[in-house]
Structures are given as structure tokens and as C-alpha cells.
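The values are calculated or read from the model by the stated rules, or taken from the named source; none is laboratory data. As the structure is a computational prediction, the values presented were derived from the model and not from experiment. Methodologically, a virtual Cβ is constructed for each residue, glycine included, from the backbone with ideal geometry; neighbour enumeration extends over all protein chains shown. Quick note on the areas: whole protein, heavy atoms, side chains included, nothing else; ligands and nucleic acids left out. Shrake-Rupley method; radii C 1.70, N 1.55, O 1.52, S 1.80 Å.
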Amino acid sequence: MNIPRAEHPNPQWQRNSWQNLNGTWQFGLDNPKLDREILVPFCPESELSGIGHTDFISDVYYQREFELTAEQLAGRVVLHFGAADYLTTVTVNGKQAGQHEGGYTSFSFDVTDHVQQGTNTLHVHCNDDTRNRLWCSGKQSDRYVSYACMYTRTTGIWQTVWLEFRPNEHILSVVYHPDVENACLHIEAQVVGNADFTATALWDGKEVGTANVKPCGGFVRLTLPLSETHLWEVGKGGLYDLKLCYGDDVVNSYFGLRSVQLDGFKFLINGKSVFQRLVLDQGFYPDGIYTAPTKEALEQDILLAKEAGFNGARLHMKVFEPLALYYADLHGYITWGEFANWGVDDSDPKVLGKFLPQWLEAVARDRNHPSIVGWCPYNETSEEQYDDNISVVYEVTKALDSSRPCIDTSGYVHVKTDIYCVHEYGQDAEQFASRYAPFIDGDSFFDHKQDDRKVQKYNGEAMFVSEYGGMAWNALDGWGYGEAPQSEEEYKARYKALTITLIDHPKMFGFCYTQLTDVEQEKNGVFTYDRQPKFELSFFHEVNSKKAAIED
């Protein structure tokens, strides 16, 4: 069978014994009859799924058979879902294996007691309601059609489904703490059983460190010294291969040796001030919607952004799949981990009980990626936001991962944050510059939300403009921010003036331009929706690459 997205979905956590379940499944749309076929992992709204149904969908039903051998059944059998939107119930051979709530995070079930040698039947039911004000839906349209910055919906399975075969004694999870100053990696692991835990680091195929320890109460803590120091650097990458062994269990992984720190207005990576030349990446594809058609498409977006002079991205309003983060790690492309908080009623205290567990799943899954330099759980919350929600999410995020800064909300409304950022879509270059000029010698700058609520107050934090620009080009059937430029010369002059204002500002540690590609009716990307450049990339690269006032 020709399996779409046949590669292993997570290079940072890979066992050799696994089975991809992507491909053709039986499918039922809003009824359990299973009278259609769908190509997994593509959502039914997408062309690639073979369905292409873009109306509201409340329920989807999937079924397929898979074969297991006696050898595969010798240990534990774990069923993985990269992501499925929203409330997913999984049944194996007629017995419920588990249920997961949330449309953006990965989940798994141990199905050892549900499977048998030979033929097995897997059934999946996903219930989704984009207009449920307790369910995060990101930028999925709450109307029949897409509009403004709300796009085609995604229902059901939209990332790879696979089986993993583990020994009875195995590693459940790990957390990496890279230590640049002491040239080592600190590892915390949760394990099942009683065996020796060994970690071996390799650089370019050469062993550069090994450490061994016995577990204590199901947990492992060890320090892995490195005989060679190779820093993970922006624009270059630099990854150590890592082999983790626990009894008969072998996990292939990797890590990057790098540090992140705020120093006044500077954002330090490996102790050096780095200016973040970010671009807003929505992670949408014309034929796959939320799902990249191929692994090459994931890598291509990063390479295109780098060719245009960007050194990273806000991975916007979506939890990107681990393979996308791998390519960011590989290419030294800095990212901010976000969540799809739109769609919920921000003023409802009950939202926290839905939002927080899903957000923490995302942080726990992705915290070992060196490319992620910060967390940002919320985007553009309203003036009616229940403040305790934001404060709690910030505090719990920092408790789970203190190694990175956390922006409580990109743009507004800030309640408790390590970094203060604003969204500024003013298109007049002189006015744009004048709004941030007073910040050079003082602490005053334009923030159109600062007078709305008491919590919106600048307290001396590190600062950047986390959204700006958004200029439309050839957008007769779409839109962009402000009045569109009337000529190529006007477009380039405006882009340069806005961007250089931020690059030359001595208190700005970065910018984030809106956006990498057009998305449906929003026509303000550097690239079109099908990834064609609107202007020569050398122009963007020259402007974006100018040395910033704040960087070393």
C-alpha cells in the first residue's frame, strides 16, 4: 500500500519496532455507517483526504484492520495519535481503549490487553464543535465559510497514527537539561521495570559521552559528560545523536547543547545577544489544511523562510507536529511554542480546566527541542479575559519548564509575563517609528491596549513587536492589513522602513513579520499560499539580515 506520510513522526523519540497505520480507512461522515473511504492522516475537509467536505462536521467515524505477529505481542503495544480534533474515543477489537480531549496535542493508549495475534480492528470516533466556547479551535472558522483570519476547519485525525512495540521494561519519558557551561546533558527519565539505564551521546557518528545509572522508584536522573562541545547555534543548528537504553528497550533521540536567558532587554542564546528575525507561520496548506502533504513540505517552509532572511518563527495558533520541530532543530531555526486558544470564552473560569491540561501536554511533548526558545500559550486575549486563567497558565508553565521565558499573551492582554510584546499593524512608516522612539530613552511606546485595563502595564520587561506588517499584494479576492501598496516600489519601501525601525531600535530584541505565506483569503504573505515568492527573496534577505542594534 502507498502510505502517505510514511516516515516516523517523531525523530526525537524513535524505536525501531513500530508500524505506521496511515493510509485508506473506512469512514463515516456525521454517521457511523462507514460508507466512505478516507486517506489518513488528512482531515475530511482537505482535498488530500479524498473527501473535501468543508461544511460543519460534528462527528467522524474511522475504522481499519491491522495485523500483529507473535513477536510484536511479546511486550507492550502502544497506539499513538499525532493529533485528532477534538474529543476522540478509541476502540480496539470492540473494547474501548481510551478517550482524549483536545484537538492539537499528541496522545497514546497502551492496547496490549486489547489486541491479538493476526487481524485486529481499530475504530475511532471524533466529536468536534468549533462553536463550543469551552473548546479551543484556533483559527478554524466558526462560520460556514472562511473569513478574515479564520480559515477552513479541521475535524478528526490530522496527524499520523502508529503502533509502537516496547519491551515490558521500557522508558516512558525523558526530559533533557543541556548544560553549556559544564559541557554536559542532565537527563531525567520515567521508566517501567528494573534495569540499567544507559545514555550515549554521539557527534557525527563518534561517541562523545556515556553514562549509566540504576532507577530509583521508577525514575532516573543522570549527568552525561561530553568530551566534545558543539553548541546548537541559530542559523547553523548542531545536534548530538543520543541513544537511550533500558534493558532491552532502545530509543533513538537527539539533543542540542544551548542555553536561553534574558538579560535586561537582551535575549541571550549561548550567552550572546541574538536578534530574533521571526515570521508568523500559520501552518496551513492548500491541499492538506492543517497537515503538510509531505515531510519535504515541512522542511521547505523553514528553508524558504531562511532564504528570505528570517531566522525563526512564531508557530502560530497551532501545535506543530514533532517532525516540523525536528527540521527547525536541524536547521538552527528558532521557534516559539504556542497554542490555539481562540474559540473559547476567555471570560469563563471553566475554560482553565479545559485549556491547561492540553497546553501542558504540548509543553511536555516539545520541551526537549532546542529550537523552541520560549512559550506563548495565548494570543490576543480580550479585555474581558478572566485574569486568573492567564496567571495560572503562566505560573504552571514556568513550574514545568523554567529554562525558557514565557509570554503570557502575544500582543495583549498581559497579566504576568517574562516578556512584553505588542502587535502593531500601522502602515505609515514615520508614524510607526515615532511610536517606539520614546522607548529608546524611556519606557513609553505605543500600545493600543494599555489604557483598556489595569493589567496592561509595562513593567520594564524585555520587549519586541510580535506582529507587524501584514501588507497585502495582489489581493483583489482577499485582504491584508491597512491600505495595500500600489506598486512594487511602495511595497519594498514600506517593508524596509517598518523593519529597519525595529532592527535599529536598541531596546528591541526581535520582530515577527506577518506572515510567511498567504492563507486562503488572507493575502499578506511573503509567499503565496502555494509557496511562490511574491518578490525576489534577496530583497527580504538584505533587509532582514542587517545587524541589529541590540545583538552582539
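Data table
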{"quantity": "Condition met for residue 482 (open to solvent by 40 Å² or more (accessible area, probe 1.4 Å), at pLDDT 90 or above, out of contact with any Cys (no Cβ under 9 Å at 6 or more places or on another chain) and not charged (D, E, K, R))", "calculated": "yes"}
{"quantity": "In the stretch 93-119, the residues that are touching a strand residue (DSSP E or B) at 6+ places or on another chain (Cβ under 9 Å), closer than 24 Å to residue 154 by Cα and in contact (Cβ under 8 Å) with a residue 12 or more places away in the chain", "calculated": "97, 99, 100, 101, 102, 103, 104, 106, 107, 108, 109"}
{"quantity": "Residues of the stretch 96-106 that turn out to be open to solvent by less than 30 Å² (accessible area, probe 1.4 Å) and part of a strand (DSSP E or B), as a count", "calculated": "3"}
{"quantity": "Flag for residue 293 being over 15 Å from the mean Cα position of the chain (by Cα) and of a type outside the set (S, T, N, Q)", "calculated": "yes"}
{"quantity": "Residue list for the stretch 128-157, filter: under 22 Å from residue 346 (Cα atoms) and in a strand (DSSP E or B)", "calculated": "140, 147, 150, 151"}
{"quantity": "Top-ranked residue of the stretch 363-395 - restricted to ones that are open to solvent by 50 Å² or more (accessible area, probe 1.4 Å) and of a type in the set (A, V, I, L, M, F, W, C), ranked as nearest to the chain's Cα centre (by Cα)", "calculated": "364"}
{"quantity": "Selected residue (only one of 208, 175 is at pLDDT 95 or above, hydrophobic (A, V, I, L, M, F, W, C), open to solvent by 10 Å² or more (accessible area, probe 1.4 Å) and not in a loop (DSSP other than H, G, I, E, B))", "calculated": "175"}
{"quantity": "Matching residues in the stretch 58-95 - criterion: being open to solvent by 10 Å² or more (accessible area, probe 1.4 Å), over 25 Å from the mean Cα position of the chain (by Cα) and under 28 Å from residue 355 (Cβ atoms)", "calculated": "58, 59, 61, 91"}
{"quantity": "Output for the stretch 107-126, where each listed residue is within 19 Å of the chain's Cα centre (by Cα) and open to solvent by less than 40 Å² (accessible area, probe 1.4 Å)", "calculated": "107"}
{"quantity": "Filter result (β-branched (Val, Ile, Thr) and outside any strand (DSSP E or B)) within the stretch 218-247", "calculated": "229, 234"}
{"quantity": "Per-region count, the stretch 298-346, residues touching a residue at least 40 places away in the same chain (Cβ under 8 Å), within 20 Å of residue 43 (Cα to Cα) and outside any loop (DSSP other than H, G, I, E, B)", "calculated": "3"}
{"quantity": "Scope the stretch 270-297; condition of a type in the set (Val, Ile, Thr) and either in a loop (DSSP other than H, G, I, E, B) or out of contact with any strand residue (DSSP E or B) (no Cβ under 6 Å at 6 or more places or on another chain) (or both); matching residues", "calculated": "274, 289, 291, 294"}
{"quantity": "Filter result for residue 71 (acidic (Asp, Glu) and in contact with a Phe, Trp or Tyr (Cβ under 9 Å, 6 or more places away or on another chain))", "calculated": "yes"}
{"quantity": "Evaluation of residue 31 against (1) modelled with pLDDT of 95 or more; (2) in a loop (DSSP other than H, G, I, E, B); (3) over 26 Å from residue 166 (Cα atoms); (4) not hydroxyl-bearing (Ser, Thr, Tyr) (one fails), failing number", "calculated": "(1)"}
